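In what follows, a structure is listed as C-alpha cells, so that the remarks can point back to it.
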C-alpha cells in the first residue's frame, strides 16, 4: 500500500482511526483494559481469576505492559487478545518482552485470522526465555482463504508459575520479505573421524567435541534421511522400491527415517546389498499413542489423556510391557543381526503435558497410592500436608484430587510421582528393546515442541538412551534455523550429554495449493513460505544448519510424499501426492548434501 494512508476500523458503534505517516511505519497498539481481552479457558467450577493471572502493570522504564501468568488451570492457552480486528491479513507484529521462570517457548505470540467475527485460523511463534527486555518480531506473510482481518495475542503456551511481560507493541500491514540467499552458507563442522572401532553395527562416538554415528566398518557417518515410500499396496513393490532407492541416492540421502515400512524396505535393502550396492541406514519408530485399547493410557480426574493421538501410556499397566515387547519383537525379527539397521526410536511425540495430574488410570492409581503410603504414615498425615480431609488412602484415590496450584506440598508430591512415571517408562522401553535386540541403538521418544516445557524437566531421566530425538519444524521467520531453534537443541544436548537426531523436519510452501481449502488447513500452514523456490533455498540452509551443530548426528526430512486426502492436505513431501518430484526442492537438497559430502572428504 504505497504512500501515506489512513485506516478506519468500525466495530459496532465505535470507530477507531489508525493513522500512519508512511507504509514503512508501524501503528502502535495501546495497552489498556479496553483494548485487550483476557482469554482464559478454565474448567467447570473454576473462575478465570483462579485459573490464570492477566494484568496490566507499569514498568519503571518501559511504561505499561501486559503481564501473563501464573497460569494454573484450564486448556488451550492463556493470553491477552487484541479486542479490535485490524483490517489487513499480512504484516508484522513487533514488541519487547521479558520472562520470569519460563521455559523455552513458554512465552508465545499469536496472530488470529478472522472472517468477520469468526476466527478461522491462528499462527503462533514460541519465544526464548529473556531475563531483560528483548525485542522480537513476528511476520505473517500469508493468510488463510477468506480472512479479512487479524488480531494479535500474547501469552503462555503451558501451565506455569512463571510469567511473560510484553510492551511497546506495534503492527504493520507490510511484512518484511523473507531474505533467502541462493548460497545456503558454509559448512563449519569438522570432517568425520577415521580409523574408529569396527563393531559390525552402528554406534556413537564423540571426537574433539563433535558427535558422530560410526558405521559397522568404523567410518564417521552423519544420517541424511527421509521416510521411504510405504509400498504397502503395490504388487511389484520390490521394483518400485529400487526405483525410489535410486532417486533417493541420487539426491544424496543415505538413510531411511523412522516411518519407513521396515517389512518392505528390509528386503529391498538386502537386495541392494546382494547386488553390490550400498544399503541405506534404516531407523524404526515405535508409537505407543496409536495403541489405544491394547493397554491403558494415563488419565486425569476427568478421564482425559495427556493428548489425543499422543497419549502417555500407563507404564504400570502390566499389558504395556507385553504389548511393547510384541511390537519390538516384530521389528527385531526383521532387523536382528542386520548391519544396515541403526536403531529404534522408543516412541513418537508422546505427550508429557501436565503428566503429574494424569495418575488415575487403574494401575497408575494403585502405584500412586503406594507412593503416598511410602511418604506418609497415614491419610491424616496427607491431609495435614495437603490441606484435605480424606478418611483413608482408598478415599483419597477414589476422590481423585488434583493440585490447583503449581506450588505447595500437594503439588510437590504429584510432581515427584511424575518422575516415578517417567522413570518406569524409560526402564521398560530401554530394557525391552535391549533384551530383544542388543546390537542396535536405542534412541529416545521423538520429542515434539508443543509440550517442550513439560518434557524438558525430565531430560536427565532420558539421558540413559543412546541418543535423543527431537522433531522440529522451523518457523521460517528468517533464513535457516532461528536462534531459539538452535537453543532448543543445544539445551537438550547439555541437559542429557547425549547426541541428537532430528526425527522430523521439513519446509512447506503456499504455492503448492495444499493450503487453499480452509476446511483442511493443516497445522503445517503455520510455517509456510511463499513458493517452491523459497522452500528449496530454506531447506538447503536448514540442512547445513543441522549439520553444523556438533552434537547432531542426523536430520530426517518428513516425508516422502505430500499429504492430500479427504481429511488433510500438507506440502511436506519430496514428491507430490501423485508422485512427481518437487524439482526445486530436490535439486537444492541434492546440492546441500553434496556440499556435506565434499566437506566429509576433506
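Among the residues of region 322-331, those identified as surrounded by fewer than 23 Cβ atoms within 10 Å (Cβ to Cβ) and either touching a strand residue (DSSP E or B) at 6+ places or on another chain (Cβ under 9 Å) or without any contact (Cβ under 8 Å) to a residue 60 or more places away in the chain (or both) are 322, 323, 326, 327, 328, 330, 331. Note on region 561-596: residues that are assigned to a helix (DSSP H, G or I) and at pLDDT below 95 amount to 0. Pairs are defined by a Cβ separation below 8 Å, a sequence spacing of at least 6 or placement on different chains, a first member in region 62-85 that is at positive phi and surrounded by 21 or more Cβ atoms within 10 Å (Cβ to Cβ), and a second member that is in a strand (DSSP E or B) and modelled with pLDDT under 95; the pairs so defined are 69/160. Go through region 131-170 and give me each residue that's more than 20 Å from residue 29 (Cβ to Cβ) and under 21 Å from the mean Cα position of the chain (by Cα). 157, 158, 159, 160, listed by residue number.
Among the residues in region 200-212, are any free of Cβ contacts under 8 Å to residues at least 24 places away in the same chain and either under 30 Å from residue 84 (Cβ atoms) or surrounded by 21 or more Cβ atoms within 10 Å (Cβ to Cβ) (or both)? Scanning region 200-212 turns up no residue that is free of Cβ contacts under 8 Å to residues at least 24 places away in the same chain and either under 30 Å from residue 84 (Cβ atoms) or surrounded by 21 or more Cβ atoms within 10 Å (Cβ to Cβ) (or both).
Within region 135-169, the only residue that satisfies the criterion of being assigned to a strand (DSSP E or B) and in contact with a helix residue (DSSP H, G or I) (Cβ under 9 Å, 6 or more places away or on another chain) is 160. Candidates 542, 553: the one that is assigned to a strand (DSSP E or B) and buried (at least 22 other Cβ atoms within 10 Å of the Cβ) is 553. Looking across region 413-453, the residues that are touching a helix residue (DSSP H, G or I) at 6+ places or on another chain (Cβ under 6 Å) and either closer than 29 Å to residue 125 by Cα or not assigned by TED's automatic domain parsing to the domain that holds residue 311 (or both) come down to 415, 418, 422, 444, 447. Identification of strands (runs of 3 or more DSSP E) wholly contained in region 194-312 with 1 or more residues that are in contact with a helix residue (DSSP H, G or I) (Cβ under 7 Å, 6 or more places away or on another chain) and at pLDDT 95 or above yields 223-226, 281-285. Restricting attention to region 489-510, the residues that are farther than 20 Å from residue 225 by Cβ and either within 20 Å of the chain's Cα centre (by Cα) or crowded, with 16+ Cβ neighbours inside 10 Å (or both) total 7.
Just to be sure before I move on: is residue 180 touching a helix residue (DSSP H, G or I) at 6+ places or on another chain (Cβ under 6 Å) and under 30 Å from residue 86 (Cβ atoms) in the structure I sent? Yes, satisfied. Residue selection: residue 392 fails the criterion of being touching a helix residue (DSSP H, G or I) at 6+ places or on another chain (Cβ under 6 Å), under 21 Å from residue 320 (Cβ atoms) and assigned by TED's automatic domain parsing to the domain that holds residue 488. Scan region 515-535 for residues that are within 30 Å of residue 455 (Cβ to Cβ), part of a loop (DSSP other than H, G, I, E, B) and touching a helix residue (DSSP H, G or I) at 6+ places or on another chain (Cβ under 8 Å) and jot them down. Scanning region 515-535 gives 515, 528. In the set 66, 18, 54, 93, only one residue is assigned to a strand (DSSP E or B) and either in contact with a helix residue (DSSP H, G or I) (Cβ under 6 Å, 6 or more places away or on another chain) or at pLDDT below 85 (or both); that residue is 18.
The values are calculated or read from the model by the stated rules, or taken from the named source; none is laboratory data. None of these values were measured; they are calculated from a predicted model. Cβ coordinates were reconstructed from backbone atoms using ideal geometry, including for glycine residues, and neighbour counts include every protein chain displayed.
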